[in-house]
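In what follows, a single structure is set out as structure tokens and then discussed.
The values are calculated or read from the model by the stated rules, or taken from the named source; none is laboratory data. Worth saying up front: this structure is predicted, and the values here are computed from it rather than measured. When we count neighbours, we look across all protein chains shown, and the Cβ atoms used for this are built from the backbone with ideal geometry, even at glycine.
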């Protein structure tokens, strides 16, 4: 039996003739009993271990322990030995493909910090390799178009692969950003949600606008929502531009004073007895936006509550809206319609909606009207 290329040679050999060893292993295993076949398999594995180690060392320095890479390479070696067919070509070539595939699969599945699709992972590796080749050839950093032409893929795919490469080893939110360690990277993320903070103000303004005369409401909508000039508003309403200016100034002054005070000031020209007795207030309690209603909800006041609830439900960053009816002695058909509309709007916006504090008489009306599912205990 020759000293080289045969199963049983020392593992110290540097240049193993794996093809000859594989052929000899296949010949000796053919017809062997199971115990002898297993012994020959283990002998073949030991003989090829140095070869697997050399392949594993090609991938060192990429953030993985060499011992782990050697274990993966040995697993690929065992698979190559068990699946090898001498009639299909060189064992060395087959073993290189199998072991390298196991190593690449290890990096793809086990070492990425976040989940990235497999096609993007593979393309990310190809982009990195192509970038190194083109950098050495062009003596500069290649452009996205040059990388795409080199790999035969769209530029968008190259950009996706480059962005996804950051997911291999993402930065920790607890990483310090100062030498004293007083601030971490996570402290720099996030901020105040101004849209969420303005939900209460928007609801308050809506309630105040409903208490203004129809002409002033129309003028404010034309000026600030329709971006109309004072001259255009005057022509449409049939009044002078100076009169439009005075009316807008008075309306804005009244709104400003009403926003800054607990009790809204009296609107000049409004009869004290004509104001509706229903009042709506909004308060944020934790993650819940509480809409408190005081007074009867009937045909004259339902539209005001409808608009207020719509604003509350569609506000950004509002996970739950609760309507407090503790101070509501009566809800007629128009009020029930408003609450049904609010339930549908909340379902569409995926906002939790509930009604609390309903007095027994009001609760029975809501339950009969199909709102029993939204009634909550105070």
Is it the case that some residue within the stretch 279-290 is modelled with pLDDT under 80 and either more than 16 Å from residue 217 (Cβ to Cβ) or surrounded by fewer than 20 Cβ atoms within 10 Å (Cβ to Cβ) (or both)?
no
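Here is a yes/no grid of residues against (1) modelled with pLDDT of 80 or more; (2) surrounded by 13 or more Cβ atoms within 10 Å (Cβ to Cβ):
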| site | (1), (2) |
| --- | --- |
| 142 | yes, yes |
| 166 | no, yes |
| 181 | no, no |
| 185 | no, yes |
Can you pull out the helices (runs of 4 or more DSSP H) entirely within the stretch 10-89 that have at least 2 residues that are within 30 Å of residue 107 (Cα to Cα) and out of contact with any helix residue (DSSP H, G or I) (no Cβ under 7 Å at 6 or more places or on another chain)?
34-57, 66-83
Could we say that residue 59 is over 22 Å from residue 123 (Cα atoms) and either modelled with pLDDT under 90 or assigned by TED's automatic domain parsing to the domain that holds residue 30 (or both) here?
no
Restricted to the stretch 314-333, and to residues that are at pLDDT 85 or above and surrounded by 15 or more Cβ atoms within 10 Å (Cβ to Cβ), which residue is farthest from residue 205 (Cα to Cα)?
331
Matching residues, the stretch 334-356, being touching a strand residue (DSSP E or B) at 6+ places or on another chain (Cβ under 9 Å) and surrounded by fewer than 20 Cβ atoms within 10 Å (Cβ to Cβ)
334, 336, 343, 345, 347, 351, 352, 354, 356
Residues that are without any contact (Cβ under 8 Å) to a residue 24 or more places away in the chain, more than 39 Å from the chain's Cα centre (by Cα) and assigned to a helix (DSSP H, G or I), drawn from the stretch 216-241
217, 218, 230, 231, 232, 233, 234, 235, 236, 237, 241
So residue 97 fits all but one of (1) closer than 30 Å to residue 19 by Cβ; (2) surrounded by 18 or more Cβ atoms within 10 Å (Cβ to Cβ); what number is the exception?
(2)
For a quick check of your reading of the model, give me the residue pairs whose first member lies in the stretch 134-147 and is outside the structural domain of residue 158 (by TED's automatic domain parsing) and farther than 9 Å from residue 158 by Cβ, whose second is surrounded by 11 or more Cβ atoms within 10 Å (Cβ to Cβ) and modelled with pLDDT under 85, with beta-carbon atoms closer than 6 Å and at least 6 apart or on different chains.
none
